[in-house]
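Okay, structure first, notes after.
The values are calculated or read from the model by the stated rules, or taken from the named source; none is laboratory data. Since this is a predicted model, take the numbers as computed values, not measurements. Methodologically, a virtual Cβ is constructed for each residue, glycine included, from the backbone with ideal geometry; neighbour enumeration extends over all protein chains shown. Just so you know, the surface numbers come from the protein's heavy atoms only, side chains and all, with ligands and any DNA or RNA stripped out. Shrake-Rupley method; radii C 1.70, N 1.55, O 1.52, S 1.80 Å.
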Amino acid sequence: MRNLILSFVILFVPYIKSDATHEAILEISQPNWTENGIVESKTTYLRMGNYMAKTQIGLTTEKNLIDVGGETKNRNLANIFGLKVKIPPGDISLSDTVSVNLQIPTNINVPNPYKNVSINEVVKSTINCLIKNSISHNYCDLKINGSEKFKKYEKVYFTPKIKYSIQVKAFPLSEFENAISYFNSLKDLDLIVYLENATVKNEEFIRIKIGYFDTVREARFTASLIKKIKDIEYFITYCDLRTQTISHKDKILGLKTYSGIWAVRNTSSIELYDFTKNETIINDVYSYNNYKNQLSIYSRNGNKLDEIPITDKLKMLKGN
C-alpha cells in the first residue's frame, strides 16, 4: 500500500538538480508601493543553481520590475528606501532558526513620489516579508543594523508555513473510542495519520486527518487514491503541525501531533510514538527531543513522561 500511494505522491515533489545550470523560479514577498499604500505581494524571480533559503530571504530587498501601465518600474519600497538583507556565512539548510541582519540606513533620502510614505511602515512591512520568505526554517532571528530607531523590532520570529492535510472524519469527544478505532483503521495506508482537538460552538471534537502536504494539488491527488481503497469522504484543510529536527545528519524531521510523534524524511514517514496507546499522557505531552536515538517526551512543566529507543525505526526510515 505504501509503495502504491507514494509512487504517485512523489510525482509532485520538485526535483532540484545539483548542477549550477538549473533554473529555479522563486516567489518572493516584498513591500510594494501603490498609490493606495504599501501592499505585501509576491514578485517572481528566476535564478540559476539550487534553491537556497539564503537566496529567497536575500531577494526581499532586491530591486524588482513590475509592469505599470506598459512600463516596468521598481516598486519594492525596501529597495527604494535602501534597506538591505545580510545573512551570516555558513550552511543554514538544516537549521531550525535562520539568522538575518536587516540593514537600515540612518539617513534616508526619499525620492518622489514616496515623500509621504512612512519609513516605519516600510520597515514593518519589510520585516513581515522577511518572515514570509524564511519559510524553510521554523524561526527567523532578526537583528537590526544601522538605525537605532528600529532596534525594537529585534527578536526571534515564528515563520508561517502553509501545509495541507486531508480531513476524513470528526467525532464528538464523547465518542473517543470510536475515533481511535477509525484512526487505527487508517494506519495501513503508511501515511501520516493523526488526531486533532477542536472546539466548535462549545462542543469538543476529535478530527482525523491524513498527510502533511506542500500543495492542495498533492493532497487532493492522494485523497483520490485513498478514496478508491477506503471509500472515505474528505476535504482538504490547512495543517498547522510544526517540525523540529530529529537528525541533522540524516535530514530527518519530527512532527508532533495530538495523537503521536512522527519522523519524516523526504517523502517517507514513520510513527515513533503513538500517544493513544498511553492514555495517561495523551493530554499532557508538550515537547520532545531526541538524544542518541532515545526519544524523550516532556510535559508543559518539564517533567519527563516517557523515554523510548527509536534506533530501529530511524533505520527503517533511512532505508526507504
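Projecting the Cα atoms of Ile208, Gly70, Thr97 onto the charge dipole of the chain, computed from C-beta unit charges around the Cα centre, puts Gly70 farthest toward the positive end. In the elastic network of the chain, a GNM with C-alpha springs shorter than 10 Å, the most mobile of Pro89, Pro105, Pro160 is Pro89. Each label was represented as a point 7 Å from its Cα along the Cα-to-Cβ direction; for Thr245 and Glu177 these points are 4.5 nm apart. Per-residue extension of 0.36 nm, minus the Cα-Cα distance of Glu27 and Arg220, leaves a gain of 67.2 nm for this segment. Calculated FRET efficiency, Thr267 to Lys230, Cβ-Cβ distance, R0 = 25 Å: about 0.80 to the nearest 0.05.
Shown for the stretch 151-217: the carbon plus sulfur share of the solvent-accessible area, taken with all protein chains present and a 1.4 angstrom probe, equals 49%. Take the Cα of Lys86, step 7 Å toward its Cβ, do the same at Asn128, and the gap between the two points is 2.7 nm.
Estimate the FRET efficiency between Asp284 and Asn101 by the formula 1/(1 + (r/R0)^6), using the beta-carbon distance for r and 45 Å for R0, to the nearest 0.05.
Working: r = 40 Å, r/R0 = 0.88.
Once rounded, the FRET efficiency stands at 0.70.
Among Glu35, Glu121, Glu27, determine the one that fluctuates most according to a GNM of the chain built with springs between C-alpha atoms less than 10 Å apart. Fluctuation is largest for Glu35.
This model, with +1 at the C-beta of Lys and Arg and -1 at the C-beta of Asp and Glu, gives the stretch 222-284 a dipole about its Cα centre of some 340 debye.
Were the residues from Thr199 through Asp274 laid out at 0.36 nm apart, the gain over their Cα-Cα distance would be 24.7 nm. Between the alpha-carbon centres of the stretch 152-166 and the stretch 281-320 there is a gap of 24 Å. Note on P(r) over Cα pairs in 10 Å bins from 0, in percent: of the candidates [x] 5, 21, 27, 23, 16, 7, 1; [y] 6, 20, 19, 15, 12, 9, 7, 5, 4, 2, 1, 0; [z] 5, 22, 32, 25, 11, 3, 1, 0, the value calculated from this structure sits at [x].
Once the 1.4 Å probe is applied to the protein heavy atoms, the chain comes out at 55 Å² accessible per residue.
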